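Note sheet for the following structure.
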Amino acid sequence: MTVLPSALPVAPPDRLLARCAASVRPALEEAVGRLHPWVAEMAAYSFGWCEVGGAPADTGGGKGVRQALALLGAEAAGAPARAGVTAAVAVELVHTFSLLHDDVMDGDALRRGRPTAWRAYGTGPAVLAGDALFALAVETLAAEPGGTHGVRRLSAALTDLVRGQADDLVFAGRPWTGPRRVRPAEYRVMAEHKTGALLGCSAALGAALGGAPAPVVAALDRAGRDLGVAFQLVDDVLGIWGDPSLTGKPVHGDLRERKKTYPVLAALASPGPGARRIAALLESGADPAGAAALIEEAGGRAAALTAAREHTEAVAAALDALPSPPGPVAELRGLVGQLLHRAH
């Protein structure tokens, strides 16, 4: 199921992601190996490298999008390979730290088909492991030439991420309608902070460590931030209307959980009498299929896809501004295009 016609070339990313993962994994394992053995085991479990107790495993972990962005961003900026690998290790550590804490905050029992770290090891140990990964990311950057700039950039991205996470939690308690309702524009700002900030940091960090010119670093950061917003908007569409056989999530799942996603907010902001009916259905949670139909009728789905296209075009424009060799930029474009032109 194609969701969003991309403004970027679409290329199968598996080989590219595998290449990036192979380049980063030895340095990532070396970094994790510097932790306390018990904490290192919890980290390795979170990365999919072992089972509880430390028995080796290879469950695949995540897709490795952020580490790939870090490597490709560095290559596109002409930065040394070491700068890209260091940046990739740092953002992968921070991403996993954020997932460990998110799972605790959200009470999620499973991640990628396995018990989350807090279910496997306990809440306190999982929080400790997340803290350790954050500290390790800072240490990894600080040890590099120019690392101070890298730490500042990572810290700024994390400040944005926390701001976005806080807004997302606050939004859940705000009403569906009335003067305190969440506006679509507020949601886009939240998405840039919560999702886009770390993607922007990922794309720009290796370039910054490698001494790339400031306009190049800024263009990569902007591309990653717009990628994050577009990715979130597409995910919101899939969370309501996606095919469960492709997404792995139940149809109308976000509506059953009464999430304030962009299609919902756009529909509630549209003129006409439908907003109160939509709000009533969402509040009761009784008829998610009926709510989905009303949201689409009110233009929520179309508004989300239009906004996603706007951010996709902004990604393309930012990458167009890179004065880089065509090969690395083409790989970066292909990866970004695939992420946005996805079925799940």
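The values are calculated or read from the model by the stated rules, or taken from the named source; none is laboratory data. Since this is a predicted model, take the numbers as computed values, not measurements. Cβ coordinates were reconstructed from backbone atoms using ideal geometry, including for glycine residues, and neighbour counts include every protein chain displayed.
Side notes on the structure shown:
- Applying the criterion of being in contact (Cβ under 8 Å) with a residue 40 or more places away in the chain and among the hydrophobic types (A, V, I, L, M, F, W, C) to the residues of region 122-137, the residue that is nearest to Arg34 (Cα to Cα) is Leu136.
- Some residue of region 150-164 being in contact with a helix residue (DSSP H, G or I) (Cβ under 6 Å, 6 or more places away or on another chain), free of Cβ contacts under 8 Å to residues at least 40 places away in the same chain and either assigned to a loop (DSSP other than H, G, I, E, B) or over 25 Å from Val264 (Cα atoms) (or both): yes
- Listed by position, the helices (runs of 4 or more DSSP H) enclosed by region 245-344 include none that has at least 2 residues that are crowded, with 19+ Cβ neighbours inside 10 Å and of a type in the set (Ser, Thr, Tyr).
- Listed by first and then second residue, the pairs linking a residue in region 101-121 that is part of a loop (DSSP other than H, G, I, E, B) and surrounded by fewer than 18 Cβ atoms within 10 Å (Cβ to Cβ) to a residue that is β-branched (Val, Ile, Thr) and at pLDDT 95 or above, with Cβ atoms under 9 Å apart and 6 or more places separating them unless they lie on different chains, are Asp108/Thr116; Ala109/Thr116.
- Taking the listed residues Arg180, Arg225, the one that is of a type in the set (D, E, K, R), at pLDDT 95 or above and not in a helix (DSSP H, G or I) is Arg180, with no other qualifying.
- Among the residues of region 82-105, the one identified as touching a strand residue (DSSP E or B) at 6+ places or on another chain (Cβ under 8 Å) and of a type in the set (A, V, I, L, M) is Leu99.
- Criterion: among the acidic types (Asp, Glu), at pLDDT 95 or above, farther than 20 Å from Ala318 by Cβ and buried (at least 24 other Cβ atoms within 10 Å of the Cβ) - qualifying residue of Glu41, Glu51, Glu92: Glu92
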